[in-house]
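The values are calculated or read from the model by the stated rules, or taken from the named source; none is laboratory data. Everything quoted here is computed from the prediction, not taken from an experiment. Ideal geometry is used to build each Cβ from the backbone, glycine not excepted, and the neighbour counts take in all protein chains shown. With ligands, DNA and RNA removed, areas are computed over all heavy atoms of the protein, side chains included. Shrake-Rupley method; radii C 1.70, N 1.55, O 1.52, S 1.80 Å.
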Amino acid sequence: RLNGATIETVAELESSAEGLAFDEDGYLYIANGALGRISLYSPSYVLEDDAFATTNLSGPILLGFYRAPDGVMSSRLLAANWGSYDLSLMGTMVEMNPAGMRAPGAPVGVQLLRVATVSLKSGVIGADYADTLQLEDAPGAAVTWSVIEGTLPPGLSLDAATGIIAGVPTADGTYDITMGVTAGGQRGFATFTIVVGEPTIAASDAIDAALGVEGAITPASERFLDIRGNNNGRFDIGDVRAHLQATGVLAPERSVAARGKER
């Protein structure tokens with residue numbers, strides 16, 4: 001036991017001491033592979049049962065309480081064997097008699113928040129985008145979301161308090177991001193991919209829109225054409241020209257350099 005900066009001995013076992021496990025009441029289970037048994041200690045490290053369980057496994061034994069898929073700890077204590085004394089037992093695992101267990105196990109390590117959102121929507125340049133990150137079994141404390149790796153597509157932003165990702169994408173591509181979340185002293189994370197593509201706009205529709213034909217293209221398509229074009233915040237003939245050039249309908253402009261004769 002670490003008491004401040006001092007290491008204190010709390011238990012001594014005959015032959016060897018290997019796997020450790022605690023139950024939710026603080027009782028300590030210590031595996032002794034050389035003797036093939038599990039010893040039980042009270043929360044104050046008083047030996048209560050020197051053969052709480054026995055096993056036919058030999059060699060170093062690892063202990064662990066089974067955790068259900070939903071994260072709930074169970075009373076099922078498992079023992080795994082390295083098989084250093086008997087190679088035929090290598091990789092085997094046994095379970096202590098569930099009827100003889102005194103309490104469920106204590107969680108080991110960090111209890112992460114579980115992100116319920118499995119995937120995020122794809123986006124289109126110029127079109128409104130909105131999706132929401134959500135927690136599974138939120139703890140009731142204030143939740144804060146953040147981008148901890150990667151970047152959101154240009155034009156999108158994250159509301160840290162609500163988990164809403166919204167905006168208008170301005171560049172196509174595939175964006176891999178890892179989102180972090182904190183609440184009530186706990187943390188969680190999840191990795192997502194947002195794919196942003198371009199809309200398909202017929203050249204004739206773009207020309208009709210520039211000539212004032214109402215409803216020729218959607219407002220989202222107008223935003224896309226402006227982003228692709230001169231990006232001045234409004235749809236105009238310059239955006240149509242850029243679109244026709246990008247789609248190969250109109251040849252790209254050529255720059256001509258003239259050089260005067262030397263006299």
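Details
- Among the candidates ASP49, ASP25, the residue that is in contact (Cβ under 8 Å) with a residue 12 or more places away in the chain and acidic (Asp, Glu) is uniquely ASP25.
- Only one entry in ALA190, ALA209, ALA216 is surrounded by 13 or more Cβ atoms within 10 Å (Cβ to Cβ), out of contact with any Asp or Glu (no Cβ under 8 Å at 6 or more places or on another chain) and either basic (Lys, Arg) or over 19 Å from TYR129 (Cα atoms) (or both), namely ALA190.
- If only residues of the range 102-148 that are without any contact (Cβ under 8 Å) to a residue 40 or more places away in the chain and hydroxyl-bearing (Ser, Thr, Tyr) are counted, the one that is most open to solvent (accessible area, probe 1.4 Å) is THR144.
- The range 169-181, residues that are surrounded by 17 or more Cβ atoms within 10 Å (Cβ to Cβ) and out of contact with any helix residue (DSSP H, G or I) (no Cβ under 8 Å at 6 or more places or on another chain): PRO169, TYR175, ILE177, MET179, VAL181
- Within the range 176-190, the presence of a residue that is more than 27 Å from VAL72 (Cα to Cα), modelled with pLDDT under 95 and basic (Lys, Arg) is excluded.
- Number of positions in the range 1-48 that are outside any loop (DSSP other than H, G, I, E, B) and open to solvent by 60 Å² or more (accessible area, probe 1.4 Å): 8
- Flag not set for GLU18, criterion: in contact (Cβ under 8 Å) with a residue 24 or more places away in the chain and more than 27 Å from MET90 (Cβ to Cβ).
- Test: residue in the range 155-165 that is within 30 Å of ASN231 (Cα to Cα), touching a residue at least 12 places away in the same chain (Cβ under 8 Å), of a type in the set (A, V, I, L, M) and touching an Asp or Glu at 6+ places or on another chain (Cβ under 8 Å): yes
- Residues within the range 149-168 that are open to solvent by 20 Å² or more (accessible area, probe 1.4 Å) and within 19 Å of the chain's Cα centre (by Cα), tallied: 11
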